[in-house]
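Asker: My structure is below; once you've seen it, I'll send some questions.
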Amino acid sequence: KSEGVAVVIPTTGWSQDSGAYPYYYDIPAEGVTAKDRADLALAPASIAAAVACGMCPATETLAGKIRVRAVKTPEAEMRGEYRVMKGKE
């Protein structure tokens with residue numbers, strides 16, 4: 001059973017590439033690999049900000065980080081927690 005880790009997703013520090021959710025923010029997450037899965041649960045008070053920026057319901061895992069994506073950068077910070085399920089190496 002994984003422990004939840006508190007996270008704040010700020011309004012600054014986002015990057016952009018392309019696709020349906022072109023803006024992304026990388027949450028530092030020590031020990032995370034691309035084979036892992038991360039579930040992000042936002043606090044109820046952050047849901048309106050997530051909806052307003054068109055936040056993607058899925059996350060991506062990369063070496064040492066969890067990537068969240070959105071249609072546009074958020075206008076309010078979002079709080080919540082993530083849990084990592086370790087993938088098979």
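Asker: Checking Arg79 against (1) open to solvent by less than 80 Å² (accessible area, probe 1.4 Å); (2) in a strand (DSSP E or B): exactly one of these is not met. Which one?
Answerer: (1)
Asker: Right, here's the next one. Going residue by residue through segment 59-72, is there one that turns out to be part of a loop (DSSP other than H, G, I, E, B) and in contact with a helix residue (DSSP H, G or I) (Cβ under 8 Å, 6 or more places away or on another chain)?
Answerer: For segment 59-72, residues part of a loop (DSSP other than H, G, I, E, B) and in contact with a helix residue (DSSP H, G or I) (Cβ under 8 Å, 6 or more places away or on another chain): present.
Asker: Quick one: count up the residues across segment 47-58 that are open to solvent by 30 Å² or more (accessible area, probe 1.4 Å) and assigned to a helix (DSSP H, G or I).
Answerer: Qualifying residue count for the region: 4.
Asker: Out of the residues in segment 61-76 meeting the condition of being free of Cβ contacts under 8 Å to residues at least 60 places away in the same chain and farther than 15 Å from Gln16 by Cβ, tell me which one is most open to solvent (accessible area, probe 1.4 Å).
Answerer: Applying the filter and picking the extreme gives Ala63.
Asker: So, one more: Which residue pairs have Cβ atoms closer than 6 Å, lie 6 or more positions apart in sequence or on different chains, and pair a first residue in segment 6-28 that is of a type in the set (S, T, N, Q) and at pLDDT 95 or above with a second residue that is surrounded by 10 or more Cβ atoms within 10 Å (Cβ to Cβ) and part of a strand (DSSP E or B)?
Answerer: Final answer for the pair search is Ser15/Tyr24; Gln16/Tyr23.
Asker: Ok, one more. Would you check which residues across segment 1-33 are farther than 19 Å from Glu81 by Cα, open to solvent by 40 Å² or more (accessible area, probe 1.4 Å) and touching a strand residue (DSSP E or B) at 6+ places or on another chain (Cβ under 6 Å) and list them?
Answerer: Ser15, Gln16, Tyr21, Tyr23
Asker: When segment 34-46 is examined, which residues are found to be small (Gly, Ala, Ser), assigned to a strand (DSSP E or B) and surrounded by fewer than 17 Cβ atoms within 10 Å (Cβ to Cβ)?
Answerer: Selection gives Ala41 alone.
The values are calculated or read from the model by the stated rules, or taken from the named source; none is laboratory data. Everything numeric here is computed off the predicted structure, so don't read it as measured data. Neighbour counts are summed over all protein chains in view; Cβ atoms, including those assigned to glycine, are modelled from backbone coordinates with ideal geometry. Calculation scope for accessible area: heavy atoms of the full protein, side chains included, ligands and nucleic acids excluded. Shrake-Rupley method; radii C 1.70, N 1.55, O 1.52, S 1.80 Å.
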